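Colleague: Sharing a structure below in structure tokens format, with a few things to ask.
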Amino acid sequence: MTATNTVAAADGVNAVKAENKTTRLDALVIGAGVGGLYMLHKLREQGFNVRAVEMGDGVGGTWYWNRYPGARVDVESLEYSFSFSKEIEQEWDWTEIMASQPELERYINFVADRLDLRRDIEFQTKVISMTFDEATDRWLVVTDSGAQFDAQFVIAATGCLSAPLTPQIEGLDSFTGPVLYTNRFPKEGFDFTGLRVGLIGTGSSGVQTIPVVAEQASELFVFQRSAAYTRPAGNRPLAPGELDEAKADYENIRYRQRQTFAGTLRFGAVSVEGVTPPDRRILQTPLEQRIAVVDELGWGAPQAWADVLVDLDANKAGTELYAELIRRNVKDAQTAEALVPHYPMGCKRQIIDTGYFETFNKDHVTLVDLRKTPIERITPNGLQTTDGHYEFDVLYCATGFDAMTGALNRIDIRGRDGKLLRDEWRDGPGSYLGLQVAGFPNLFTITGPGSPSVLANMIMAVEQHVDWIADCLTSLRDSGSRVIEAQAEAQQAWIEHAAALVEGELRASESCNSWYLGANIPGKVRIYMPYMGGLPAYRERCDSIAAAGYAGFAIA
Ligand code: NA7
């Protein structure tokens, strides 16, 4: 149903004063990445009047925006794909073990077309504010396109790594050449051929794009603040017959995926299913024997010990093995040394790469260690460190995201009593199950903070959330209920439970700084945001809460 009125947007946001179209809905989905698309499909199937809005002009979310050269998923595509439709599973053919961004984007477009989802998506429409009306128990959602929505439920499928960071570096605006970002790479692509490139950032995106850019650029300067723990991905084309074999066994693969901690059977080429923890301890092993393990296991060696991810000294010894592997792959001793991380293994997300270390053996690739010579400023034609000036034609930033909370905090979300979500989250992103926030009724978050999200295969995590939310809305409709809201006590108990799971863990300790902890954003409160209990236990918990009549939620 569509109505027309002239409502002005909330104060402080780009006022939308033109004649606005307000569409009345059962549910509005924000985002048309994998979460938003499946949510839209599922609610439509269940007879809800639902639409989605999407900032971009196409579907895909992460795989729409992060279209930088070298972008690739780090779990197997056969597993990193929708499991809800047996038909789609059989119809789509993956070409590689771990698909590249173009193939993933094609796949997501295929799904959108196959399910005829586009007709219910408003593209190039960014939500700027949403206000909960306590009189009607409905959300008024205002967008920058003039479209407004009056929805009973809002489902934010806004992504965990979708709010791009612009590095706070003096002089950034003064650079006269092109400035590119991995997380907003131009849709038409960019040809680095023959150009001198200055690249900042060596997280997953930097590590993936550096070898590809080095193939084209005439000169590449890599400005590294923190070295990466990365190992070869072992990607390859799927062999003939391999895909058919997997498709024939899909039910079993999905079943096994659901039993694993992270919803995936392999990370890169390494099996994580049913792996028994190693029983050897690095601190009790003489150096020559540690090196023998490197000879035997290669890049698997640094983590092949019981104590490395739990004890700081053991961790340092593990990093030594990692350094040994880098030395074996990088010719220049000084560069090899600079590529060894200075922080514990396991703090940040493990990266997998294709030819990363070998890239630094190329004569036209230079690593600049910012820990030794920090950036002073960007100049019109390059970058000045404390040590000298580097001149280049293109500035290329792989500087990451305001993870997990950034996308929602950039919207003015007002719940009960006009409370702003970003104020509520100032001391940490409180949430019940990562699905709802107390004080914000009828608003759901897909893979929100406090859920397994980024620690799991994202599509598996998304499917579990979408199924749960769809069942919840159907159950509310069946019982004639209008409002569901997380209760503050249940939320607090969940926060404490989630915090207890990471207590004493290296990844949440003072020696670690990661985007999981919000540590890449100056001033952001330091809290380990994803839920560490694993997907199977989490799913069980969500299901038992639903079975108990949505325990911990108030329903009216
Ligand atoms: P990440 O992993 O957050 O990496 C960002 C990189 O950019 C990291 O090396 C940062 O160094 C570096 N960075 C950020 N700001 C600066 C400034 N101002 N100066 C120098 N270096 C800077 O983002 P990605 O996009 O690579 O990956 C995000 C996730 O996407 C990834 O974990 C996967 O899950 C997929 P720092 O480490 O902060 O010292």
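The values are calculated or read from the model by the stated rules, or taken from the named source; none is laboratory data. All values derive from a computational prediction rather than experimental measurement. Quick reminder, even Gly has a Cβ in these numbers, built from the backbone with ideal geometry, and neighbours come from all protein chains shown. Calculation scope for accessible area: heavy atoms of the full protein, side chains included, ligands and nucleic acids excluded. Shrake-Rupley method; radii C 1.70, N 1.55, O 1.52, S 1.80 Å.
Colleague: Using 0.36 nm per residue of separation minus the Cα-Cα distance, give me the extension gain between Gln46 and Lys316 in nm, one decimal. Could the numbers behind the result be given before it?
Modeller: Values: separation 270, 0.36 × 270 = 97.20 nm, distance 5.31 nm.
Answer, rounded to one decimal: 91.9 nm.
Colleague: Work through the residues other than Ala269 whose Cβ is under 14 Å from its Cβ and net out their charges, Lys, Arg +1 and Asp, Glu -1.
Modeller: Around Ala269, the surrounding residues sum to -3.
Colleague: Specify whether the C-alpha gyration tensor of the range 200-346 places it in the rounded, prolate or oblate class, a ≥ b ≥ c being the square roots of the eigenvalues: rounded for a/c under 1.5, otherwise prolate if a/b is larger than b/c and oblate if not.
Modeller: Oblate shape, in that a/c is at least 1.5 and b/c is the bigger or equal ratio.
Colleague: No solvent, one uniform scatterer per C-alpha: report log10 I(q)/I(0) for the range 269-347 via the Debye equation at q = 0.11, 0.27 1/Å, two decimals.
Modeller: -0.28, -1.37
Colleague: Could you tell me how many degrees, from 0 to 90 and to the nearest 10, lie between the Cα long axis of helix 204-216 and the main elongation axis, the longest principal axis, of the Cα atoms of the chain?
Modeller: Once rounded, one gets 60 degrees.
Colleague: About the Cα centre of the chain, what is the dipole size in debye to 20, counting +1 per Lys and Arg Cβ and -1 per Asp and Glu Cβ, all else neutral?
Modeller: 640
Colleague: Taking a cut-off of 42 Å, what percent of all Cα-Cα pairs in the chain are separated by more than that?
Modeller: 21
Colleague: Looking only at the range 34-68, which residues have a backbone nitrogen under 19 Å from a spot 7 Å from the Cα of Arg184 in the C-beta direction?
Modeller: What the label zone holds, given the 19 Å backbone N cut-off, is 54-68.
Colleague: Highest mean first, how do 344-355, 532-543, 59-70 rank when packing is the count of other Cβ atoms within 10 Å averaged over residues?
Modeller: 59-70, 344-355, 532-543
Colleague: Also, I was wondering about something else. Once you put a point 7 Å from the Cα of Arg477 and another 7 Å from the Cα of Glu251, both along the Cβ direction, what distance in nm separates them?
Modeller: Each label point is offset 7 Å from its Cα along the Cβ direction, giving 2.9 nm.
Colleague: Between helix 34-45 and the chain, what is the angle of the helix's C-alpha long axis to the longest principal axis, kept within 0 to 90° and rounded to the nearest 10?
Modeller: 30
Colleague: Give me the number: length gained by fully extending His342 to Lys419, i.e. 0.36 nm times residue separation minus the C-alpha to C-alpha distance, one decimal in nm. List each step's numbers first, then the result.
Modeller: Values: separation 77, 0.36 × 77 = 27.72 nm, distance 4.14 nm.
Taking His342 through Lys419 to full extension adds about 23.6 nm, to one decimal.
Colleague: Now, a different point. Which lysines have a Cα lying under 27 Å from the Cα of Lys21, excluding residues fewer than 8 positions away in the same chain?
Modeller: Lys42, Lys126, Lys419
Colleague: Compute the angle between helix 535-547 and the longest alpha-carbon principal axis of the chain, please, reported from 0 to 90 degrees and rounded to the nearest 10.
Modeller: 10
Colleague: Please enumerate, by chain and number, the lysines with C-alpha under 18 Å from the C-alpha of Lys331, excluding those fewer than 8 residues away in the same chain.
Modeller: Lys362
Colleague: Please list the non-local residues whose amide H lies under 5 Å from the amide H of Arg67, H modeled 1.01 Å from N, same-chain partners needing a gap of 5 or more.
Modeller: HN-HN under 5 Å from Arg67: Phe185.
Colleague: In terms of solvent-accessible area of protein heavy atoms at a 1.4 angstrom probe, what is the ranking of His342, His41, highest value first?
Modeller: Reading off the accessible areas and sorting them downward yields His342, His41.
Colleague: Magnitude of the Cβ-charge dipole of the range 269-347, K/R +1 and D/E -1, about the Cα centre, nearest 20 debye?
Modeller: 120
Colleague: Along the charge dipole of the chain, Cβ charges K/R +1 and D/E -1, which of Ser218, Thr202, Ile521 sits furthest on the positive end?
Modeller: Of the options given, the answer is Ile521.
Colleague: Whole angstrom only: what separates the Cα centroid of the range 304-349 from the Cα centroid of the range 478-508?
Modeller: 35
Colleague: Quick one: net charge of Ile210's neighbours, Cβ under 12 Å, K/R +1, D/E -1? Please report the intermediate quantities before stating the final value.
Modeller: Details: positive: Lys362; negative: Glu215, Asp353, Glu358.
Net charge around Ile210: -2.
Colleague: Taking the Cα centre of the range 269-347 as the origin and placing charges on Cβ (Lys, Arg +1; Asp, Glu -1), which of Trp305, Gln289, His342 is farthest toward the positive end of the dipole?
Modeller: His342
Colleague: Report the FRET efficiency, 1/(1 + (r/R0)^6), for Gln168 and Gln350, where r is their Cβ-Cβ distance and R0 is 22 Å, rounded to 0.05.
Modeller: For R0 = 22 Å, the calculated efficiency reads 0.25.
Colleague: Along the charge dipole of the chain, which of Leu43, Phe360, Ser83 sits closest to the positive end, that is, farthest toward it, with unit charges on the beta carbon of Lys, Arg, Asp and Glu (+1, +1, -1, -1)?
Modeller: Working it through, the farthest residue towards the positive pole turns out to be Leu43.
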